[in-house]
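What follows is calculated from the coordinates using simple rules that are stated; it is not laboratory data. Everything numeric in this text was worked out from a predicted model, so none of it was measured. Glycine also receives a Cβ, built like all others from the backbone with ideal geometry; neighbour counts cover every protein chain displayed.
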Amino acid sequence: MNRIYILLAFCFSSLFMNAQIGIGTTTPNTSAALDVTSTNKGILAPRMTAAQKTAIITPATGLLIYQTDGAAGFWFYNGTIWQPFASGNGWGLSGNFGTTPATNILGTTDAQSLVLKANNIETARVLDDGNVGMGTSTPTAKLHITSASAYSFLQDFSAVATGDVSLVTTDNPYAFDSNSGCTATDSWRISTTDGSSAPCTNCNGNRAIIDYGDSACDQDATLIVKTGVIPLTSVAISFDYSFNGSSPELFTVVLYNETTSTPVSTLLNLTSSNEDTSFTSTVAITAGDTYSLQYRYVGDWGWGATVDNIKISAGDPVITIQDGNQANGFVLLSDANGNGVWTDPATLSIADDDWRFASGSTTNDPIYRTGYVTVGNTGAPSYLIDTEEPAILGEGTQFGVGNDEYFEDVQSEQSISHHVVPRVNNSISIGSASLRWSEVFAVNGTINTSDLREKESINTLKYGTESLMQLNPVAYQWKEEKYGATIVPEKDKRKKIGFIAQELKQVLPEVVQSEEWELVNGNLQKNPMKRLGVNYAEILPVVIKTTQEQQEIISSIKKQQNEIKTLLKELEK
């Protein structure tokens with residue numbers, strides 16, 4: 001018995017000295033305090049419920065148990081809380097099996113975001129509110145995609161006021177300068193129409209133009225469009241332009257580094273040429289600097305240039321969708337189940353669409369609106385096409401027709417920039433018996449063509465003194481006198497003089513118009529007028545004929561008087 005005690009004492013003293021225990025091995029690993037070696041058995045950790053686990057008093061950091069209920073598996077105490085082993089029910093690098101979607105999740109169970117990284121760089125983030133961001137850590141939508149490497153700049157001058165460049169404010173990203181010897185019309189300005197000799201086919205709406213310099217002015221004006229900071233080392237630059245020049249005209253476009261105050265590249269350098277096209281080029285730049293595009297026009301009473309649709313872009317696309325059916329100009333159209341299908345817009349036909357577009361340029365391929373259209377007006381439109389200058393510009397609304405002609409409203413009146421002529425000669429009237437003009441003002445009167453080469457059946461006028469003496473000139477007032485839609489008060493109605501058409505027709509029927517031509521279903525018809533009209537100018541020949549007749553009588557009387565005077569003198573002798 002004493003021998004057994006001595007042997008046990010020796011064994012325990014050896015254990016305490018080596019601080020190692022080997023089970024199933026006589027040579028425990030030197031790095032392990034306990035080395036259990038077996039080929040057919042394992043280690044069984046303490047098994048307990050979740051309640052028993054949390055009842056352990058002052059658990060040591062690293063204490064390990066196996067939980068048998070709830071989130072069953074190996075749990076350890078990390079010094080603050082109990083947490084499960086990731087290897088117990090985590091996601092494996094080669095996938096998992098036997099999962100249950102209702103309970104097995106990849107994500108967080110507290111109010112924390114889920115971050116996905118590749119090469120230690122964040123590629124996606126799911127916020128605790130469900131918003132998903134790619135390229136952004138603060139997504140503001142259910143799917144928010146951005147690209148820090150993508151850059152895009154667009155200037156089509158739509159937001160710049162129409163008129164001279166003096167309307168552009170100093171905090172606007174456009175700067176203009178011109179030779180001090182020139183007038184305002186000799187510098188770059190914003191307009192909806194091109195110069196008459198520098199039309200830009202691809203330009204739309206407002207565009208920057210310079211044209212027709214003062215004959216006493218050597219034009220030298222530069223349009224500067226500032227792009228701001230560009231974060232890339234290479235950009236694609238494009239713009240639409242037109243230039244009509246003959247020596248010594250000059251049109252240059254330079255990409256300018258505003259940060260270093262140095263030109264980067266001359267994109268265009270034109271002299272005596274006529275061009276109406278688009279420019280596209282890729283240019284290397286210094287990332288992080290501020291740039292501008294400078295359009296310089298030089299000319300001696302030059303012909304002009306136009307610029308619009310300035311675009312600068314670079315970087316990878318933010319999102320690309322490819323299924324083999326994509327094509328330029330196609331759009332994604334969803335079906336009833338929300339499936340997207342690449343579709344040619346020209347094939348779309350939707351009964352309740354707003355704007356309708358069709359490809360091509362023939363009359364069978366229109367672009368048309370199915371409802372009211374308003375231009376400039378921020379309120380509800382009053383007419384099918386309602387154009388109104390924004391109040392902030394303080395100008396009349398202008399509606400352009402062609403390159404130069406336009407209509408403009410001026411204090412409740414309409415002004416026209418050019419001559420107004422009928423489309424067909426000698427067949428179109430201004431006004432009618434139903435819709436009459438109140439007054440027609442002119443500086444030099446009205447001119448009626450009276451060319452002999454256009455007349456036939458010419459006869460001596462049959463009307464004269466006898467007819468003129470039958471006329472009944474009268475003074476009168478109109479029963480109803482208006483200014484626009486407002487009726488003039490009775491006391492303010494004007495006194496008029498003239499003839500009664502019905503009476504005049506009995507004497508001079510040619511000067512009274514009682515019928516007018518109308519086109520009905522393609523057939524020309526002569527219909528009675530609602531009101532008789534008088535051509536007062538045609539009464540003038542009758543007055544002249546009467547004057548001629550009176551002059552003949554006066555001449556005859558004078559001749560008789562002279563004969564009587566001669567006869568009296570002879571009698572006196």
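Give me the distance in nm between label points sitting 7 Å out from Cα along the Cα-to-Cβ direction at SER467 and LEU114, one decimal.
Here the answer is 10.2 nm between the modelled labels.
Can you list the GluC sites (Glu not before Pro) in region 454-524 that are in a DSSP coil and have 12 or fewer other beta carbons within 10 angstrom?
Sites meeting the loop and neighbour criteria: GLU456, GLU480.
Scan around LEU532 for amide H atoms under 5 Å from its own, H built in the peptide plane at 1.01 Å from N, and keep only partners 5 or more places away or cross-chain.
HN-HN under 5 Å from LEU532: empty list.
At a 10 Å Cβ-Cβ cut-off, how would you order GLU439, GLU249, fewest neighbours first?
Neighbour counts put them in this order, fewest first: GLU439, GLU249.
Are any of the pairs LYS495/LYS530; LYS505/LYS530; LYS479/LYS530; LYS479/LYS526 more than 19 Å apart by Cα-Cα distance, and if so, which?
On the way: LYS495/LYS530 24 Å; LYS505/LYS530 16 Å; LYS479/LYS530 16 Å; LYS479/LYS526 28 Å.
Going by Cα-Cα distance, LYS495/LYS530; LYS479/LYS526 fall outside the 19 Å limit.
Straight-line reach only, C-alpha to C-alpha below 28 angstrom: list the lysines that LYS558 could link to, leaving out same-chain residues fewer than 8 apart.
Straight-line reach from LYS558, under 28 Å: LYS462, LYS545, LYS569, LYS573.
Between THR446 and GLU481, what FRET efficiency comes out of the Förster formula 1/(1 + (r/R0)^6) with R0 = 30 Å and r the beta carbon distance, rounded to 0.05?
After rounding to 0.05, the efficiency reads 0.85.
Can you return the lysines within cross-link range of LYS142? Criterion is Cα-Cα under 22 Å, with same-chain partners fewer than 8 residues away left out.
The qualifying lysines are LYS117.
So which trypsin sites (Lys or Arg not before Pro) in region 449-535 pass both tests, a DSSP loop state and at most 14 other Cβ atoms within 10 Å of the Cβ?
Counting only loop positions with at most 14 other Cβ atoms within 10 Å, the trypsin sites (Lys or Arg not before Pro) in region 449-535 are LYS455, LYS462, LYS479, LYS493, ARG494, LYS495.
For a Förster distance of 22 Å, can you work out the FRET efficiency between the beta-carbons of SER417 and THR387, rounded to the nearest 0.05?
0.90
Just flag the chymotrypsin sites (Phe, Trp or Tyr not before Pro) in region 430-514 sitting in loop per DSSP whose Cβ has no more than 12 other Cβ atoms within 10 Å.
TRP437, PHE441, TRP478
List the residues whose amide H sits under 5 Å from the amide H of VAL375, counting only those 5 or more places along or on another chain, with H placed 1.01 Å from N in the peptide plane.
The answer is ASP386, THR387, GLU388.
Provide ARG207, ARG423, ARG125 in ascending order of the number of other Cβ atoms located within 10 Å of each residue's Cβ, fewest first. It would help to have the intermediate numbers written out before the result.
Values: ARG207 24, ARG423 6, ARG125 20.
If I rank by nearby Cβ atoms, fewest first, I get ARG423, ARG125, ARG207.
Modelled label-to-label distance, ARG494 and VAL36, 7 Å Cα→beta-carbon offset: nm?
In this crude spin-label approximation the distance works out to 11.9 nm.
Report the gain in length on full extension from GLU258 to THR103: 0.36 nm times residue separation, minus Cα-Cα distance, nm rounded to one decimal.
On the way: separation 155, 0.36 × 155 = 55.80 nm, distance 5.87 nm.
Computed gain between GLU258 and THR103 is 49.9 nm.
If r is the Cβ-Cβ distance from SER147 to THR68 and R0 is 56 Å, what FRET efficiency results, to the nearest 0.05?
So the FRET efficiency works out to roughly 0.65.
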